[in-house]
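Structure first, then comments.
Any read-out appearing in this document is the output of simple, stated calculations on the displayed coordinates, not a laboratory observation. In this text, all values refer to a predicted model and were calculated from it rather than measured experimentally. Here the Cβ positions follow ideal geometry from the backbone for every residue, glycine too, while neighbour counts run over all protein chains shown.
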Amino acid sequence: MAAAGRLYGFRTIGIVRGEPTIPLNPTLAQAAADGMSLRYLDRDTYRQKQEAAFQAELLQQTGPAYILPEGGTNELALRGCAELVTELSAQTSFDTLCVACGTGGTLGGFLTALKPQQQAVGVAALKNGGFLQDDIHALITAAGQIITAPWSVQTQYHFGGYARFSPELMTFIQQFQQRHKVLLDPIYTGKLLYGILDLLRQDYFAPGSTVVAVHTGGLQAWAGFRARFERRSVWWPKVVRPGGAASGAVN
């Protein structure tokens, strides 16, 4: 959102859960460099983010603004993510579409565009992600859309919760990059591909069917992970710096 504001010339404000910390982590530093103004809320106040009274008070402080919800998940997001299904269908035929889930907006958008003979699988990135199915249903119903394709949210691949990881997950990401030359992130796509391959081993998908995994990005998270945890005994991917030199190590 900060980058979009810089490119298209509109003001952006980021509401950050937690206390100000200097120096900023890499993600917030980039947002600030792109012109975003950062405002911090304590965790109790942040839980009120969806309440009408809280949003009205927020708008009194900021002036006229469009409030983009956490995760970008709203009815407009459904329309945008539905277009991805059209783009993918133009490139390949598939039976199952898989994506990582945080708030469920991307999966919800897919469900509004999939055909009845196709299916979708979401892999929850957070612990206790069972609520996602109800949230996705509510979002799609509020948008006046219907679901015709079968779908599920797999909640067993969170590795301890949102932004949590384990040596097993980090090893998987390392091996996946070495084998396929594709870098995953430890918050979303690493858990997604781990889950898909585990489901394949369990014969979850119909024999001979085509399964497509959507890599939703998240790679900027590596900079923050390196800043916080690189001294631990954890593998880190090679990151190309502006001068072209690469860094990375196996400790």
Next on the checklist: Which trypsin sites (Lys or Arg not before Pro) in segment 1-110 sit in a loop by DSSP (not H, G, I, E or B) and have at most 15 other Cβ atoms within 10 Å of their own Cβ?
Outcome noted: 11, 47, 49
Checklist entry - Which of 160, 113, 124 sits farthest toward the positive end of the charge dipole of the chain, with +1 on the Cβ of Lys and Arg and -1 on the Cβ of Asp and Glu? => result 160
Checklist outcome for this item: Rounded to 0.05, the calculated FRET efficiency for the beta carbons of residue 178 and residue 17 at R₀ = 30 Å is 0.30
Checklist outcome for this item: The alpha-carbon center of segment 195-223 and that of segment 32-46 are separated, in whole Å, by 33
Next on the checklist: Can you tell me the length gained on complete extension of the stretch residue 25 to residue 56, counting 0.36 nm per residue apart and subtracting the Cα distance?
Outcome noted: 8.3 nm
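Excluding residue 150 itself, what net charge comes from residues whose Cβ is under 12 Å from its Cβ, given Lys and Arg +1 and Asp and Glu -1?
0
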Next on the checklist: I want to verify a result. In a Gaussian network model of the chain, Cα cutoff 10 Å, which of these has the top mean-square fluctuation: 168, 83, 19?
Outcome noted: 19
Checklist entry - Between rounded, prolate and oblate, where does the chain land on the alpha carbon gyration tensor, with a ≥ b ≥ c its root eigenvalues, rounded for a/c under 1.5, else prolate if a/b exceeds b/c? => result oblate
Item to check | Mean Cβ neighbour count within 10 Å, used as a protection proxy, ranking 106-116, 174-184 highest first | outcome: 106-116, 174-184
Checklist entry - What is the dipole size for the chain, taken about its Cα centre, with +1 at each Lys and Arg Cβ and -1 at each Asp and Glu Cβ, in debye to the nearest 20? => result 840
Checklist entry - How long is the gain from residue 162 to residue 83 if the chain were fully straight, where each residue apart is worth 0.36 nm and the alpha carbon distance is subtracted? => result 25.7 nm
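Restricting to bridges with both residues inside the chain, how much of the DSSP beta-bridge set is antiparallel, in percent to the nearest 5?
The antiparallel proportion sits near 10 percent.
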Item to check | Of 78, 67, 225, farthest towards positive along the dipole that unit charges on Lys, Arg, Asp, Glu beta carbons give the chain | outcome: 225
Item to check | Protection-proxy order for peptides 118-130, 204-216, each taking the mean of Cβ atoms within 10 Å per residue, highest first | outcome: 118-130, 204-216
